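The values are calculated or read from the model by the stated rules, or taken from the named source; none is laboratory data. Just so it is clear, the model here is predicted, and its values are computed rather than measured. In this analysis, Cβ positions are derived from the backbone assuming ideal geometry, glycine residues included, and neighbour counts consider all displayed protein chains.
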Amino acid sequence: MKKQVFNPYLPEYEYIPDGEPHVFGDRIYLYGSHDRFDGKKFCLNDYVCYSAPVEDLTNWQYEGEIYNRKEDPRLAEGTHELWAPDVVRGKDGRFYLYYCPDDKIRSIGVAVCDTPAGTYHFLGLVKDAKGGIIGERTGDTIAFDPGVFIDEDGEIYLYSGNGPRTLSAIGKEPKASVVMKLSDDMLTIKSEPKKLLPTLGEAKGTGFEGHEFFEASSIRKIRGKYYLVYSSVTLHELCYAISNHPDGGYEFGGVLVSNCDVFSDGRNIRMRNCYGNNHGGIEEIKGEYYIFYHRQTNRTMFSRQGCAEKIQIGEDGKIQQVEMTSCGLLGGPLEGEGIYPAAICCNLTGAHPASISHPLAMQNRHPFITQDREDMSPEMIHKPEDAPRQYITNGKNGMTAVYRYFDCRKVTKVSVEVRGSARGKIEIYVDAGLKDHGKEKEAEQRRLGKKVGAIKIEPKREWTVFSKEVSIPDGVHELIFSFFGRGKLDMRSFVLEK
């Protein structure tokens, strides 16, 4: 079987959310926050970078740590978080990293490096011409999730901000979506922050209603238009706004992706994953466009992983929302043969309606993705034998894991690797799609798709493989694994055999 790439596209032990992809030369570089598995706060690890050749998106390479928080004099004690960054190549050919530490330090730090994935060193803070620190001056809105962009005319734009998520939060803190111009020193603004996208309470009559700006500004210029990707007040969706100008005139474009696979056009109103915040960006790679985003794991929003989907931009500039898949950057279906990690499921639900990804909300009712050991330390990166492995846990009666898509040709047997107290069967279905079918008695079976087989499961303390012959028609299919029975199971992998 040829090498493939899944969602999440980085190693299963890696937790890099807030992905900002940038092509520099013949490689794509992935910058983002760095969560810790089983972390108790966001972004506890230092910034690292991965890259891949633009010719081969299956071949992601670990570039190492690129920025240690202790480089920043404000963070010398090492306790602050490092939130979502962005990187741009400056006019001098060097690479500039923009970041905000956390909500305790409301200003934008800048670091610089001679190469895209070398060691970045602290340069300074974004200030005005008089030395006032942006985000800390009287009247400033909170600096947050910076995005940076250099236009073809040489103007440098810095985007920032966040907004309230509830009506009761409006006005309690100085929040807004803003844009400002930077001088060539990459630190000094030459225009004051200007309000940009509407936040909650400001959207009436704008087209942004229900999708007001929350956070996660990410800017790209595509075919002469400016696309501003952002996370909306729904939390789980990435939206985009489009304009003829980089610093104003934006109109709501639509939803790009939802990390609980809810579609704004009504195709699916059921949450297909326990969800959380979302953040990412668009990048063109070899003439194709992709949206990078992240998913939640481990019953928390503090262990997030990067995913990506191919998107289509119409002649009119519009982008249709894409579904979550397991194949992502592969650009097509996975091979219908071989062993696959169970954790590459794009939807994971239980018998109860999905909730926000938090232990208090999920309690012990939902299946979730976890791993078998502590967070991967930097010194373990080159020891694959020590790498943690992910798996689905807390699978109870009604658990459903969905995998999109596989090119199945003459598949005759499916095996699952499971453990736990479960006794029952894992039924296998194909092609349920995203459409909801109502609430009648028979709706559940119709929702799951066409049944192609069932694997009997018995209680086992250790990882055990159970197999069964199946009748999957030839073609590209969505695969669905649903457990029905008593007890609980963990699922680590499945195998498709000819």
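Of everything in region 85-115 that is free of Cβ contacts under 8 Å to residues at least 60 places away in the same chain and small (Gly, Ala, Ser), the residue that is nearest to Cys49 (Cα to Cα) is Ala111. Among the residues of region 55-79, the ones that are assigned to a loop (DSSP other than H, G, I, E, B) and either surrounded by 16 or more Cβ atoms within 10 Å (Cβ to Cβ) or of a type in the set (Lys, Arg) (or both) come to 4 in all.
So which residues in region 136-155 are within 27 Å of the chain's Cα centre (by Cα) and either without any contact (Cβ under 8 Å) to a residue 12 or more places away in the chain or assigned to a loop (DSSP other than H, G, I, E, B) (or both)?
We begin by selecting, within region 136-155, every residue within 27 Å of the chain's Cα centre (by Cα); these are 141-151.
Within region 136-155, Thr141, Ile142, Ala143, Phe144, Asp145, Pro146, Asp151 qualify.
Of Gly118, Gly19, Gly25, all but one fail to be more than 24 Å from Lys181 (Cβ to Cβ), modelled with pLDDT of 95 or more and under 15 Å from the mean Cα position of the chain (by Cα); the exception is Gly19. Of all the numbered requirements in (1) surrounded by fewer than 17 Cβ atoms within 10 Å (Cβ to Cβ); (2) of a type in the set (S, T, N, Q); (3) part of a strand (DSSP E or B), Thr119 misses one, and that requirement is (3).
A single member of Gly78, Gly93 is closer than 30 Å to Ile285 by Cα and out of contact with any strand residue (DSSP E or B) (no Cβ under 8 Å at 6 or more places or on another chain), and it is Gly93.
In region 121-140 there is at least one residue that is closer than 26 Å to Leu75 by Cβ and hydroxyl-bearing (Ser, Thr, Tyr).
Of the residues that sit in region 156-177 and are among the aliphatic types (A, V, I, L, M) and not in a helix (DSSP H, G or I), which one is surrounded by the most Cβ atoms within 10 Å (Cβ to Cβ)?
For region 156-177, the residue satisfying everything is Leu158.
The set of residues in region 283-294 being crowded, with 24+ Cβ neighbours inside 10 Å and either of a type in the set (A, V, I, L, M, F, W, C) or more than 24 Å from Tyr226 (Cβ to Cβ) (or both) consists of Ile291, Phe292.
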